1. Calculate the length of the line joining the C-alpha centroid of segment 1-38 to that of segment 162-178, in whole Å.
2. Can you give me the orientation-averaged projected area of the convex hull built on the Cα atoms of segment 155-210, in nm²?
3. Roughly how many nanometres apart are two label points built 7 Å out from the Cα toward the Cβ at Arg334 and Ala319?
4. Once you've got the GNM for the chain with C-alpha springs shorter than 10 Å, pick whichever of Gly219, Gly276, Gly106 has the biggest mean-square fluctuation.
5. With springs connecting C-alpha atoms under 10 Å apart, model the chain as a Gaussian network and identify which of Val330, Val32, Val115 has the largest mean-square fluctuation.
6. Taking neighbour Cβ counts within 10 Å as the exposure measure, how do Asp214, Asp33, Asp331 sort from fewest upward?
7. I'd like the antiparallel share, as a percent to the nearest 5, of DSSP beta bridges with both residues in the chain.
8. Below 30 Å Cα-Cα, how many Lys pairs turn up in the chain? Only count pairs eight or more apart in sequence, or on different chains, if you could.
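What follows draws every value from the coordinates through simple rules; no lab data is involved. What you see is a predicted model; the values in this text were computed from it and never measured. A quick note on method: Cβ atoms are made from the backbone with ideal geometry, for glycine too, and the neighbour counts reach across all protein chains shown.
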Amino acid sequence: MEEHIGYISDAVRTEHFRRAIAQAIRPGDVVVDVGCGFAVLGLMCLEAGAARVWGIDRTDAIELARETAGRAGFGDRYHCIREHSFRAEVPEPADVIICDHVGYFGFDYGVIETVGDARRRFLKPGGTVIPGRITLQLAGVSSTECRSKAEAWAAAEIPASYHWLREYGINSKHPHSFPQSAVATTQCDLGIIDLAAENPEHMLYDVELTATGDGTLDGLGGWFDCELVPGVRMTNSPLAADAIARSQVFLAFDTPIAVKAGDVIHATVNIRHDSGMIAWTARNARTGERRRQSTWRSQILSEAARAPRQDRVLRLSRAGEARRIVMDYVDGKRTAREIEELVLRDHPDLMPSDAESRSFIKNELARCAQ
C-alpha cells in the first residue's frame with residue numbers, strides 16, 4: 001500500500017496518464033491493464049469511455065483493484081485476473097494495452113518483456129500501446145550521499161569481516177533522487193525503446209558526456225523520458241521542471257574520477273533487460289582514467305549456480321516432493337478440506353510440524369488449484 005499511495009498521490013504522473021488516456025481511448029474500446037496494481041489506470045480508461053478493462057496482477061493488489069472498481073460503480077466492466085501476466089489469458093482482443101512498469105531507468109522494471117508479451121498475445125493489429133516509447137538518459141553525477149550508499153559496507157561501523165561486501169555495493173544499481181546540483185556533466189540520450197515493436201534482449205550504448213565544472217564524478221545517473229502517446233510525455237529527470245515523483249538510478253564508480261570543466265567522458269552502458277543486468281564504463285579522454293563496473297558482480301549466487309552442471313541428475317527437493325504429494329490428491333472431486341485431511345493422514349511427516357504441513361497444503365492448493 002505504501003508503494004501504491006506514492007503512485008496515486010503523484011499528481012504530475014496522474015495528469016500525464018489522464019491526458020494520454022483521453023487521447024488514446026475511443027468509446028467501446030477493450031483495454032488490458034497489465035500489472036494493474038490498484039486499477040488506477042484502468043479506471044481512468046473506463047471514465048474515458050472504454051467498454052471493458054481486463055486488469056492483470058499476480059499480487060494482493062488485484063483484490064484491492066476489484067473492490068475499488070466495484071465501489072466506483074465499474075464492477076461489471078473492470079474484470080480482474082489474478083495471475084502473472086505471462087501466464088494470463090484474456091478472452092477477447094484488446095484495442096489498448098496500458099502498463100506503468102517504467103522503472104527508475106526506464107527499462108528496469110521489466111516493461112520491455114511485459115509489454116512485448118502482452119502486445120503479441122492480447123493486442124489487435126493496429127492497436128495502441130501506452131506507453132509508446134521510452135528514451136533512456138544518462139549524465140555523470142557528483143554526490144557524497146550516493147558515494148556513501150555505494151560504500152556502505154566499508155563504513156567504520158560495519159564489522160571488518162563484512163567489508164568485502166563493498167564489491168557488491170559498488171556494482172549495484174542504487175535508486176536515488178538527485179538534486180539538479182548533483183548533475184555534473186551534460187545529459188545525453190542513450191537510445192529509444194519502442195514498446196510497439198520488437199526490441200533486442202541486449203542493448204549497447206556509447207555516448208560522450210562533457211564535465212560542466214571542476215570536481216569529481218562519483219558515477220553515472222540514469223533516468224528516462226517516456227512518450228505515453230504522441231504529444232504526451234513524462235520524465236523523472238532531475239533536470240526537468242515537471243518531473244514525476246520517481247527516483248533515478250545511481251551507477252557508482254569504484255573510486256571517483258577527477259574532472260575539469262570541458263573534459264569529455266566516454267561512457268558505455270551495456271544492458272540485458274531480460275535479466276536486468278547493467279554494465280557501465282567511463283573514461284576521461286584527457287587523463288585516460290577509467291572505471292568499469294557491472295551488476296553481475298553484485299549477484300548473490302548459490303554454489304550450484306556458480307558451477308551449474310547441465311548433465312547433473314536431478315531429484316526433487318523436500319518441498320518439491322511435498323508439492324507433488326499434495327497435487328496428486330487434486331482430482332476434481334475432493335474439496336480443499338478433504339485434500340488437507342487426506343494428505344495429513346497419509347503423510348504425517350510432510351513437513352516438520354503439523355502446523356507447517358497444514359500451512360504448506362493450503363498455500364499450494366491456493367497457488368496451483370482452482
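1. 33
2. Numbers: hull surface 28.4 nm².
About 7.1 nm², averaged over all directions.
3. 2.3
4. Gly276
5. Of the options given, Val330 has the highest mean-square fluctuation.
6. Details: Asp214 12, Asp33 33, Asp331 7.
The order, fewest Cβ neighbours first, is Asp331, Asp214, Asp33.
7. Details: 54 of 70 bridges.
For the chain, the DSSP antiparallel bridge percentage is about 75.
8. Details: Lys149/Lys173; Lys149/Lys260; Lys173/Lys260; Lys333/Lys362.
Here the count comes out as 4.
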